[in-house]
Amino acid sequence: MECRIWWDTSPEAQLFYHLGLNRFPPLPRIVELCSSSDDEVQEIAFVYLCDNLHSRYLDYKLENFYDVEFIPAESKGGFCLKKLEEYIPVLGGNHWASMWYKTGTGVHPCTNYM
């Protein structure tokens, strides 16, 4: 079978969008994936969320996810996920500062997580 490149503007793509295919995952689904028990899925979803927060998820509001454990943090030498309501800022580099402020938390994530 021939492998073809997906073009967002192709007639096939337009048909699939018309039939209900999402152009990108809905915000609640991405946050859910950020809290996955699979570390690899968790990391990919969190990076995706941070990279696309201001372009695809303009409806993101902190209060909608305040009680969801999806913020990577370090605890007792290991990694874990924290809720925004219980998050304790951890030290991080300037690289994280600009990305992390995108999420609206105003604190740094654990830099060793990624």
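Would you mind telling me which numbered condition in (1) at pLDDT 90 or above; (2) more than 16 Å from the chain's Cα centre (by Cα) Ile5 fails?
Condition (1) is where Ile5 drops out.
Can you name the residue in segment 13-52 that is at pLDDT below 90 and in contact with a Phe, Trp or Tyr (Cβ under 7 Å, 6 or more places away or on another chain) and is also least open to solvent (accessible area, probe 1.4 Å) among such residues?
Ala13
Determine if segment 57-77 includes at least one residue that is touching a strand residue (DSSP E or B) at 6+ places or on another chain (Cβ under 8 Å) and modelled with pLDDT of 90 or more.
Among the residues of segment 57-77, not one is touching a strand residue (DSSP E or B) at 6+ places or on another chain (Cβ under 8 Å) and modelled with pLDDT of 90 or more, which makes the answer no.
Here are some conditions: (1) surrounded by fewer than 17 Cβ atoms within 10 Å (Cβ to Cβ); (2) modelled with pLDDT of 75 or more. Ile88 meets all but one. Which one does it not meet?
(2) is the only condition that Ile88 fails.
Got at least one residue in segment 43-64 being over 24 Å from Arg23 (Cα atoms) and in a helix (DSSP H, G or I)?
At the first step, the residues of segment 43-64 found to be over 24 Å from Arg23 (Cα atoms) are 63.
After this cut, where a residue has to be in a helix (DSSP H, G or I) as well, the list is 63.
Yes; the residues of segment 43-64 include at least one that is over 24 Å from Arg23 (Cα atoms) and in a helix (DSSP H, G or I).
If you take the residues in segment 53-65 that are open to solvent by less than 60 Å² (accessible area, probe 1.4 Å) and not hydrophobic (A, V, I, L, M, F, W, C), which one is nearest to Leu84 (Cα to Cα)?
Here is the first cut: in segment 53-65, the ones open to solvent by less than 60 Å² (accessible area, probe 1.4 Å) are 53, 57, 60, 62, 65.
Now drop any that are not not hydrophobic (A, V, I, L, M, F, W, C), which leaves 57, 60.
Values: Tyr57: 18, Tyr60: 14 Å.
Per the stated criteria, the residue is Tyr60.
The values are calculated or read from the model by the stated rules, or taken from the named source; none is laboratory data. Everything numeric here is computed off the predicted structure, so don't read it as measured data. Please note: Cβ atoms are built from the backbone with ideal geometry, for glycine as well, and neighbour counts cover all protein chains shown. All accessible areas refer to the heavy atoms of the entire protein, side chains included, with ligands and DNA or RNA removed. Shrake-Rupley method; radii C 1.70, N 1.55, O 1.52, S 1.80 Å.
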